[in-house]
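Presented below is the structure to which this report refers.
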Amino acid sequence: MIERTKCEAWYIVAIRSPAAVAESCRRAWNFSDELSHALWVQFTVGSLLSAAAGHPTIAVDYDQFMLDPSACLYRIADWLNISVTSNIRAAVENFATDFIRRDLQHFVGSSDAASPALPQQLYSVLQKAAVAEKPLNGDEFQVQWQTFIPQIAAFTHDLDALDRERRKIFAKRLYWRSRTAIRDMIARVKTRSAGWIN
């Protein structure tokens, strides 16, 4: 659609620690670490295609954003060449204080030492680019990106098997949610029926 409308698209890639993602996926969906890390690589690589195609792209680290959302938003505005007016400043501060809450961040990863080498290395490169505010479509990142391509192909070769695991987990969760919903509905019908009879 963007190509059809001939818009000048600028992309912001949100990144997060692989260890934090794996822990969140384990808590929320009981994913294995192997599945979580493979999905992290898959989605991260997918989000970087805009940079690989030469479009203006920067990375924003999720943990940095949660820690200081105002600073991150001002950096994004500067990158987009947006003049920060008093109205924009007020909106940013309202967003940072009224919407962003610490309880939105369910897990904070302290270390990625337990993550496989590829997610660790790719996240490290992206995080450094985010901190230094370097564009991902620049020459420096592009050179680093090329070194990751063979590793990515090897890392995701079992993605089909892992995707089957993910689908199985979601199907099981959906099944139990459906059973719970049906049970609740039956209980409500019985309660209402008892009221009508009385």
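The values are calculated or read from the model by the stated rules, or taken from the named source; none is laboratory data. As the structure is a prediction and not an experimental result, all values here were calculated from the model. Cβ placement follows ideal geometry from the backbone for every residue including glycine, while neighbour counts extend to all protein chains displayed.
Kindly provide the set of residues from the range 4-20 that are free of Cβ contacts under 8 Å to residues at least 40 places away in the same chain and in contact with a Gly (Cβ under 8 Å, 6 or more places away or on another chain), ordered by number.
So the first thing to find is which residues in the range 4-20 are free of Cβ contacts under 8 Å to residues at least 40 places away in the same chain, and the list is 4-8.
Answer for the range 4-20, where residues must be free of Cβ contacts under 8 Å to residues at least 40 places away in the same chain and in contact with a Gly (Cβ under 8 Å, 6 or more places away or on another chain): there is none.
If a residue must be farther than 22 Å from ASN137 by Cα, in a helix (DSSP H, G or I) and in contact (Cβ under 8 Å) with a residue 60 or more places away in the chain, how many such residues does the range 29-50 contain?
Looking only at the range 29-50, we keep the residues that are farther than 22 Å from ASN137 by Cα, and these are 29-39.
Those left that are additionally in a helix (DSSP H, G or I): 29, 33-39.
Within this subset, residues satisfying the condition of being in contact (Cβ under 8 Å) with a residue 60 or more places away in the chain are 29, 33-35, 37-39.
Total meeting the criteria: 7.
Say we look at the range 22-59 and pick out the residues that are modelled with pLDDT under 90 and of a type in the set (Val, Ile, Thr); which of these is surrounded by the fewest Cβ atoms within 10 Å (Cβ to Cβ)?
Here the answer is VAL45.
So is LEU136 surrounded by 18 or more Cβ atoms within 10 Å (Cβ to Cβ), part of a helix (DSSP H, G or I), at pLDDT 70 or above and assigned by TED's automatic domain parsing to the domain that holds ILE15 or not?
Answer is no for this residue.
Report the residue count in the range 51-77 for those that are of a type outside the set (S, T, N, Q), in a helix (DSSP H, G or I) and touching a helix residue (DSSP H, G or I) at 6+ places or on another chain (Cβ under 6 Å). Working first, answer last.
Of all residues in the range 51-77, those of a type outside the set (S, T, N, Q) come to 51-56, 58-63, 65-69, 71-77.
Adding the requirement that they be in a helix (DSSP H, G or I) leaves 51-52, 62-63, 65-67, 69, 71-77.
The next check asks that each one be touching a helix residue (DSSP H, G or I) at 6+ places or on another chain (Cβ under 6 Å); those that pass are 65, 69, 72-73.
The total comes to 4.
Test GLN120 against the stated conditions and say whether it is modelled with pLDDT of 85 or more and closer than 20 Å to ARG16 by Cα. Explain how you work it out, then say what you get.
Numbers: modelled with pLDDT of 85 or more: yes; closer than 20 Å to ARG16 by Cα: yes.
Judged against the criteria, GLN120 is a match.
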